[in-house]
Amino acid sequence: MTTITDWMPIDFDIASLKRKIRIHGRDIEVAVSPYDIPAAFRVSTDQTLLRLRIEFSYISKEEKTSVQYLPEDVTVTLGNISNRLYSVDFSVQQDLKALPGRIAQAAQVVGQYARGSKLSNSQMVQRAIATHAPEVELAF
Amino acid sequence: MIRLNWLKNTEAYLRWGAVAAGSIAGALAFFLKWKSADFTGIRQELLAANEASVWVTIPLFTAVAGILTFFKTHFGTANSWKVATHLLEEYRKAIFQSKPTLDNEADHHNRVTLYKHVSLRIAFCRWPWSNWVVPVARTGHTTQNRRIPRFLAPKGEPDLAQGVAGLTFANNSTIIVSKLPALTAESSDTVIKRYARKGLVSETWVRDRLKRGSCSIRSLVGIPIEVDGKPWGAIVVDSRNPKPIIGIKELDNEEFKRLARSLAKLLEN
């Protein structure tokens, strides 16, 4: 049986994402593009297949996506134009105690392996999953 | 030059020019219905002239109608730029209404400018003409003049980008500049150098602006703008107040989301 939650706003500390880069010997203060910050997420769970899917929405309108298979049985969908991560899908175990660890692992895999995804966006998604892990667990 | 200003007059010329050229091409084709040999006098002469030149006049007027229609679509309508300016004004209010202001600070001391990236900029300037960000809309009716600067923003070579607008577009990241030194016509070379370095522009550019008496900006923020998932341009918020304009949390606020969504819909054509 598949269940799906409502869209939930993403709220995490983005202040720490300000950084300095050096161009032409000048230190420039940069921050992530607002388009790369996921605005909301929802969780769908398949209790039969034991899979969990986290979808993300952005301020820009939706676009066509393609699927990418990552290690540790994690699957992501990437926007064909923007290369942003629109969903993260991974297998889970029946044992609920193992769930927090599995969510953390999926977030790590996304940050590490999502090829073609924008670096700043995959970091945002990784952080969003880590911040909202309790809500994701609750949905399962 | 801000699109709204020159489109107010040009839009009508482009529209009626296209209609006139299309109508002339249609009329010339219609007159081919009659043969000049069947008439005498002035009618015969006019029809004969049309028959002789129709191979060039019809394609010419059709092409003119097509070109004018292309430019009309390319530059958008005055109404759509009015809406864009209104959206920028709302965003400006949302940013600055909660900020502490300097004494005697006027509205035009805090501005928001929308820059568009263009592949080719035809201008009276030295090469390169390709890959610039040009201003297309700005808040405040008193600050919309021809002197709003344009910046180089090569797509493939972000290191060559200039100014906050150019670097924001080229890096597709938010760029924050604050605490720029105050400049006057008497400012020393050291201060000008520091301003240029912190403001991400060249010293020549700063000196040129000083000569024209307009280099009073003390802080800026550049935010990338996307349309259909692709980088389109940038919004630059500038202020005469040296304190940072915007906190990183405000980047992701509701006002920006509303602005980004509305601009995307407005600009996608």
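The values are calculated or read from the model by the stated rules, or taken from the named source; none is laboratory data. Since the model is a prediction, treat every value here as computed from it, not as a measurement. Positions of Cβ are backbone-derived with ideal geometry, glycine not excepted, and every protein chain shown enters the neighbour counts.
Would you confirm whether any residue within region A:120-136 is outside any helix (DSSP H, G or I), under 11 Å from the mean Cα position of the chain (by Cα) and within 30 Å of A:Arg19 (Cβ to Cβ)?
Within region A:120-136, one or more residues are outside any helix (DSSP H, G or I), under 11 Å from the mean Cα position of the chain (by Cα) and within 30 Å of A:Arg19 (Cβ to Cβ).
What number of residues in region A:88-117 are under 15 Å from A:Tyr58 (Cβ atoms) and either more than 14 Å from every other protein chain (Cβ to nearest Cβ) or surrounded by fewer than 21 Cβ atoms within 10 Å (Cβ to Cβ) (or both)?
Residues that pass the stated criteria total 1.
Select the helices (runs of 4 or more DSSP H) contained entirely in region B:1-97, then report the ones holding at least 2 residues which are surrounded by 18 or more Cβ atoms within 10 Å (Cβ to Cβ) and β-branched (Val, Ile, Thr).
Per the criteria, B:78-96.
Residue by residue through region A:107-140, note down the ones that are among the small types (Gly, Ala, Ser) and either in contact with a helix residue (DSSP H, G or I) (Cβ under 6 Å, 6 or more places away or on another chain) or modelled with pLDDT under 85 (or both).
A:Ala107, A:Gly111, A:Ala114, A:Gly116, A:Ser117, A:Ser120, A:Ser122, A:Ala130, A:Ala133, A:Ala139, listed by residue number.
May I ask you to say which residue of A:Leu70, A:Leu85, A:Leu50 is surrounded by 12 or more Cβ atoms within 10 Å (Cβ to Cβ), out of contact with any helix residue (DSSP H, G or I) (no Cβ under 6 Å at 6 or more places or on another chain) and not β-branched (Val, Ile, Thr)?
When all the criteria are applied, what remains is A:Leu50.
Would you confirm, using the coordinates I've provided, whether B:Ser80 is at pLDDT 90 or above and hydroxyl-bearing (Ser, Thr, Tyr)?
Here the answer is no, as B:Ser80 does not meet what is asked.
Filtering region B:127-156 down to residues that are farther than 28 Å from B:His86 by Cβ and assigned to a loop (DSSP other than H, G, I, E, B), which residue is modelled with the lowest pLDDT?
Restricting to residues being farther than 28 Å from B:His86 by Cβ and assigned to a loop (DSSP other than H, G, I, E, B), the top hit is B:Trp127.
Yes/no matrix, rows are residues, columns are (1) in contact (Cβ under 8 Å) with a residue 60 or more places away in the chain; (2) of a type in the set (A, V, I, L, M):
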| site | (1), (2) |
| --- | --- |
| B:Gln162 | no, no |
| B:Leu167 | no, yes |
| B:Asn171 | no, no |
| B:Lys179 | yes, no |
| B:Glu186 | no, no |
| B:Asp189 | no, no |
| B:Val201 | no, yes |
| B:Arg209 | yes, no |
| B:Val227 | no, yes |
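Are there any helices (runs of 4 or more DSSP H) wholly within region B:157-214 with 2 or more residues that are polar (S, T, N, Q), and if so which?
B:163-171
Can you name the residue in region B:163-187 that is surrounded by fewer than 21 Cβ atoms within 10 Å (Cβ to Cβ) and hydroxyl-bearing (Ser, Thr, Tyr) and is also farthest from the other protein chains (Cβ to nearest Cβ) among such residues?
Here the residue is B:Thr184.
Just checking: which of the strands (runs of 3 or more DSSP E) contained wholly in region A:1-70 hold 3 or more residues that are among the aliphatic types (A, V, I, L, M) and within 13 Å of another protein chain (Cβ to nearest Cβ)?
Ranges flagged: A:26-31.
Go through B:Ile235, B:Ile192 for me and flag whichever is at pLDDT 85 or above and more than 25 Å from B:Asn131 (Cβ to Cβ).
B:Ile192
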